[in-house]
Amino acid sequence: MALLEVRDLTVEFPTTDGLVKAVRGVSFEVDSGETLGIVGESGSGKTVCTLSLIGLAGGGRRGGQALFRGQDLLTMSADELRAVRGAGIAAIFQDPLSSLHPLYRVGWQIVEMIRSHEDVSKAVARKRAIDLLGLVGIPQPARRVDDYPHQFSGGMRQRAMIAMALALNPDLVIADEPTTALDATVQAQVIDLMVRLQKEFHSGLIMITHDLGVVADIADRVLVMYAGKAVETAELDDVFYHPHHPYTKGLLESIPGASGTRGKLRPIPGSPPSLIRLPSGCSFHPRCRYVMDRCLTDEPPLMDVGAAHRSACWLPATLSGLAEGTEAQRMKVAEAARSEDTPVAEGES
Amino acid sequence: MVRFLIRRLLTGVLVVWLISVIVFAIFFIAPHNVAQLLLGKFAAQNQQLVQTVTKQLGLDQPIWVQYAHFLNRLFHGDLGYSYYSHEPVTSLIKAALPITASLAIGAAIIWVVAGVLIGVLSATRPRSFTDRLATLFALIGLSFPTFVLGLLLLYFFFYQLHLAGVTFFPGGGYVPLTQNPGQWAQHLILPWITLAVASMAVYVRLTRGQMLEVLGEDYVRTARSKGLRPLRVTYRHGLRAALVPIVTQFGIDVATLLGGAIVTEQVFGLNGLGRMSVQAVTNQDEPVIIAVVLLAAVFVVVANIVVDLLYAVLDPRVRLS
Ligand SMILES: Nc1ncnc2c1ncn2[C@@H]1O[C@H](COP(=O)(O)OP(=O)(O)OP(=O)(O)O)[C@@H](O)[C@H]1O
Ligand SMILES: [Mg+2]
C-alpha cells in the first residue's frame, strides 16, 4: 500500500454564485521517497486537491477517500488530523514572507512546531531548530535563529519554511508552488535543496507548480490537472516526450525552451472554464485544436495510453508524442470525427 | 529607540506647556472678577475688601508675572488653592484621583478584555448565532448614551433588587481599595459596566473585523498546517497579529476616558476628578479647572507615549527600523 492513496477525491464550495466544483474525482498515489508533480494552470484545483486532504483548503465539502498510512484523512477526527499535520504531512507554501508569522522569530516558529508534537525541552527544540536551519543552508544558524522573517531574504525565508516542514521528519511533504515567489537563481537553489533533502529524509513529496521546468527537475511522476480533473498522469519522461492529452501538449508548447517547441511558442487559446458552469462533455473541448463531435457530449475518463500512462482524451491511445507525423495524424483523426459546424479553437500562432 | 523616546518626551512636555498657556490665557481673558465672585454679597458692601483679595491672589499683577508665579509654583508641586473651598488643589486632586483611576482602569480592563474576547469569538464563528448576538450587542451598546445606561443599571440592580431584598449593589459612593477591596469592587461594578459598555462595543466590532482579516492570512494557514491546537492558532497567531490596531484604538480611547468618567461619576455619586471638574466649572474655580486640564493633558501625553512604546514591543518591524 502506498503512503498516500487518494481515491476519487471531490471538493465543492457552495458560494452565493453557485456550487464551485473545484476538484471533480481525482485519484493519485504517492510513495515514500517518491515525488509527484502536479501541474496545471491557475485555478485548475492543484491547491484545493492537495491541501484539502489536511483540511487547509478553506472548508468546502469533500468526498472520496484519502488513505494516509492506511487511515482515511477525510473521515478522521479533528484531533487525529491535527496529529497528522506537521508530523505526518507537512506543507510548504508559495509566498514564504506571508507564510511565516511576521511577529515571531524564525527559530521560535520552528520550536513551536517541534514542541506542539513532541515533549522536549525548549533548549533541545532550539538546538534542533538551529541544526535544521544549518541543514537547509542558512549561514550562521545559531545567530539567525533569533531573526524575524523580515530580516531574511526571500530565498532564506523559503529555506526556513523548508526547515520547519522537515522539523518532525514527516512522511509526506506538500509543497504548493514553493518557488513561484522567488528569483530564478534562488528558485534553482531551493529546488536543489528540496531534491537533496528528499533523498536524505526519504519522504514522499507532492510538488505543485505551473512551471514544467520545476517538474522536470524534481518529479518522478506527473499529474496534469485541468478544471478540477486529472487529465493525464504519467512518468516524468512520458509527459515531456510522449504527452497524449492536448492540454498537456499545450502546456509544453507554451513554455520557452521546452522539448518539442522548436523555438516557436504556442499559447493555449482561450481561458480556463468557470468551475460553476462547466462545458459539456470534455471540459477542455472549447480550447482544443483536435475537438471531435463526441468531445462535446461525452466526458472522457482516464484511459490507459501506455505503461503507467493514462490520459482523459478521446484521441486514439497510440497518438502520443510531439513528432510531426503524429501531429498530422492527430489532425486527420480529429477532422474525420468532426461535423461542419463544430467550432475549433484556434490560437494566434 | 532611546532617541525616539526622548523626542517623544520632549514633544510631550511642549504640548503640556502649550496647554497650560492656553488654559491660563483663556481664564485671564474671561470677563469676570474673581475677587468679586469669591466675596459674593460682601463685594457690593466693601470695595476695599475686593481690592485686598485681588492683591492677595496676585490678580493685580501683569499677566506674564502671574503666569511666571503659576509656573514657579507648579514646579514646586503647588497648584494653588481652590477659590471655592480654599483647600489646596493638590489635596483635592489627591482625594479625587484614586476614585477616577479605580473607575477608569477597571472599566478599561473590562471593555478591552470582554470586547476583544467577544470579537474573537464572533470572528471564529462568522454568521453563527454567537456572532449575530455579539453584533446586536455591539449595536445596542454603541447607541446607548452612558447616562441612560447608568440610570437603567441603577434602577434594576440597585432599586429593584433592593425592593426584592437583595442589597448587593450599593446605589453610589466609594470605598477606598486600601480600606476594603471587596467593598471597593462592589461599589464600582455598576459604574465600571456603565463606562465600559459603549467602548466595549467598539472593541467587539474592531476585533471581529481585524480577526476575520488575520485568520485568512497565509501565516495562520501555516500555523494550522503545523498541527497546533485551534485555540493556539486563534490567539497566539491570530489575535497576536490583530493586536496592533486594537492598541491604537485603545490609545485614542484613553484620551476620551475622562469625558466618559464625568457622566458616570455624576450618575453614581462618585467624587472623582470628573465630578470635581464639573463643580469647578460651575463655580468658576479656576485653579481647580487649570489643574484638572493640566492633569488630563499629562495623562493623554503619557498614554500616547505608552502606546508608541507598546507598538515597538508588539511589532518587531517597528522596533528594528
Ligand atoms: N474557499 C473557496 N471558496 C470558493 N472557491 C474556492 C475556494 N478555494 C478555492 N476555490 C476555487 O477553487 C478553484 C481551484 O483553486 P486552486 O487554488 O486549487 O487552484 P490552483 O490550481 O492551486 O491555482 P493557482 O495556480 O492559482 O494556485 C479556483 O477556481 C478557486 O476559485
Ligand atoms: Mg494554488
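Over region B:2-89, the ratio between the Cα radius of gyration and 2.2 N^0.38 Å evaluates to 1.39.
Across region B:280-294, computed HN-Hα scalar couplings (Karplus, 6.51 cos²θ - 1.76 cosθ + 1.60, θ = phi - 60°) run 4, 5, 4, 8, 6, 8, 4, x, 5, 4, 4, 4, 5, 4, 5 Hz from first to last residue, x flagging Gly and Pro.
With +1 on each Lys and Arg Cβ and -1 on each Asp and Glu Cβ, and nothing else charged, work out how big the dipole of chain B is about its Cα centre, in Debye to the nearest 20.
Working: 22 positive and 13 negative charges, 281 e Å.
Rounded to the nearest 20 debye, it is 1340 debye.
With helices as the sole contributors, chain A gives -9000 deg cm²/dmol at 222 nm; each DSSP H run of n ≥ 4 counts as -39500 (n - 2.57), and the sum is divided by every residue.
Debye-formula intensities of chain A, expressed as log10 I(q)/I(0) at q = 0.07, 0.09, 0.15 Å⁻¹, are -0.32, -0.52, -1.26 (one equal scatterer per alpha-carbon, no solvent). Couplings for region B:107-117, taken from phi via the Karplus curve 6.51 cos²θ - 1.76 cosθ + 1.60 with θ = phi - 60°, read 5, 4, 4, 4, 6, 5, 5, 5, x, 5, 4 Hz in order; Gly and Pro are left as x. Mind checking the angle between helix B:257-268 and chain B's longest principal axis? C-alpha axes, 0 to 90 degrees, to the nearest 10. Compared with the principal axis, the helix lies near 80 degrees.
Just the number, please: percent antiparallel of the DSSP beta bridges in chain A, rounded to the nearest 5.
On the way: 30 of 49 bridges.
DSSP beta bridges in chain A are roughly 60 percent antiparallel.
Taking chain B as a Gaussian network of alpha-carbon nodes connected by springs under 10 Å, the highest mean-square fluctuation of the residues B:66, B:47, B:249 belongs to B:47.
Maximal additional length on extending the residue B:2-residue B:42 stretch stands at 8.7 nm, based on 0.36 nm per residue less the C-alpha distance. Neighbour counts of other Cβ atoms within 10 Å put A:89, B:252, B:246 in the fewest-to-most order B:252, B:246, A:89.
For chain B, what does the helix formula give at 222 nm: sum of -39500 (n - 2.57) over DSSP H segments with n ≥ 4, over the residue count, nearest 500 deg cm²/dmol?
-24000 deg cm²/dmol
Each part gets one Cα centre, and for region B:243-277 versus region A:1-45 those centres are 55 Å apart. A dipole drawn for chain A from +1 and -1 charges on Cβ atoms has a positive end, and of A:250, A:134, A:184 the residue lying farthest that way is A:134. Among A:246, A:267, A:286, whose mean-square fluctuation peaks in a Gaussian network model of chain A (Cα, cutoff 10 Å)? Result for chain A, Cα springs under 10 Å: A:267 fluctuates most.
If you plug the beta carbon distance of residue B:67 and residue A:344 into 1/(1 + (r/R0)^6) with R0 = 60 Å, you get a FRET efficiency near 0.10.
Of all lysines in the structure, the ones whose alpha carbon falls short of 28 Å from that of residue A:127, not counting any fewer than 8 places away in one chain, are A:199, B:226.
Under Stokes-Einstein, with the Kirkwood radius over Cα pairs standing in for Rh, what whole-number D in µm²/s applies to region B:164-321 at 4 °C and 1.567 mPa s?
Numbers: Rh = 18.9 Å.
Result for D is 68 µm²/s.
In summary, the aspartates and glutamates within cross-link reach of residue A:229, defined as a Cα separation below 18 angstrom excluding same-chain residues under 8 places away, comprise A:5, A:8, A:12, A:29, A:41, A:176, A:298, A:299, A:304.
Shown here: chain B, whose C-alpha atoms stretch 85, 61, 34 Å along the first, second and third principal axes, sorted largest to smallest.
As a rough footprinting exposure proxy, the listed residues B:111, B:184 were ranked by other beta carbons within 10 Å of their own, and the order from fewest upward is B:184, B:111.
Just checking the output field for A:233-241: average partner chain Cβ neighbours within 10 Å of each residue's Cβ?
Working: counts 0, 0, 0, 0, 0, 0, 0, 0, 0.
Across the residues of A:233-241, the mean count of other-chain Cβ atoms within 10 Å is 0.
By the rule of a C-alpha distance below 23 Å, with chain neighbours fewer than 8 residues away ignored, the lysines paired with residue B:55 are B:41.
Relative contact order of chain B: what whole-number percent is it, with Cα pairs under 8 angstrom and at least 6 residues apart?
On the way: 321 pairs, mean separation 79.1, N = 321.
For chain B, the relative contact order is 25 percent.
Taking the DSSP bridge list for the protein assembly as shown and keeping only pairs wholly inside it, about 60 percent are antiparallel. Rounded to the nearest 20, the size of the Cβ-charge dipole of the protein assembly as shown about its Cα centre is 1780 debye, with Lys and Arg at +1 and Asp and Glu at -1.
Restricting the trypsin sites (Lys or Arg not before Pro) of region A:274-349 to loop positions (DSSP other than H, G, I, E, B) with no more than 15 neighbouring Cβ atoms within 10 Å leaves A:277.
Normalised by the number of residues in region A:98-167, the mean separation of alpha-carbon contacts (under 8 Å, six or more apart) gives a relative contact order of 44 percent.
For region A:98-167, with equal point scatterers placed on the C-alpha atoms only and solvent neglected, what are the log10 I(q)/I(0) values from the Debye formula at q = 0.14, 0.15, 0.23, 0.24 1/Å, to two decimals? With one equal scatterer per Cα and no solvent, log10 I(q)/I(0) is -0.33, -0.38, -0.93, -1.01. Put +1 on the Cβ of each Lys and Arg and -1 on the Cβ of each Asp and Glu in the protein assembly as shown; which of B:1, B:272, B:196 then has its Cα farthest toward the positive end of the dipole? Farthest towards the positive pole: B:272.
Find how many whole Å separate the alpha carbon centroid of region B:100-160 from the alpha carbon centroid of region A:75-104. Computed from Cα coordinates, the inter-centre distance equals 36 Å. Toward the positive end of the charge dipole of chain A, with +1 on the Cβ of Lys and Arg and -1 on the Cβ of Asp and Glu, the farthest Cα among A:104, A:314, A:174 is that of A:104.
The rule of thumb for compact globular proteins, 2.2 N^0.38 Å, goes into the C-alpha radius of gyration of the protein assembly as shown 1.38 times.
This ranking places A:122, A:249 by how few other beta-carbon atoms lie within 10 Å of each, fewest first, which gives A:122, A:249. In percent, rounded to a whole number, the relative contact order of region A:241-343 is 27, using alpha-carbon pairs under 8 Å and six or more apart. Using the Cβ-Cβ distance between residue A:318 and residue A:271 with R0 set to 35 Å, the FRET efficiency works out to roughly 0.70. Loop-located trypsin sites (Lys or Arg not before Pro) in region A:159-239 (DSSP state other than H, G, I, E, B) with a sparse environment of at most 16 neighbouring Cβ atoms within 10 Å are absent. Dipole magnitude for chain A: about 760 debye, using +1 per Lys or Arg Cβ and -1 per Asp or Glu Cβ, origin at the Cα centre.
Here, each number is a calculation from the coordinates, and none is a lab measurement. These figures come from a predicted structure and were not determined experimentally. Here Cβ is always computed from backbone atoms with ideal geometry, including for glycine, and neighbour counts include all displayed protein chains.
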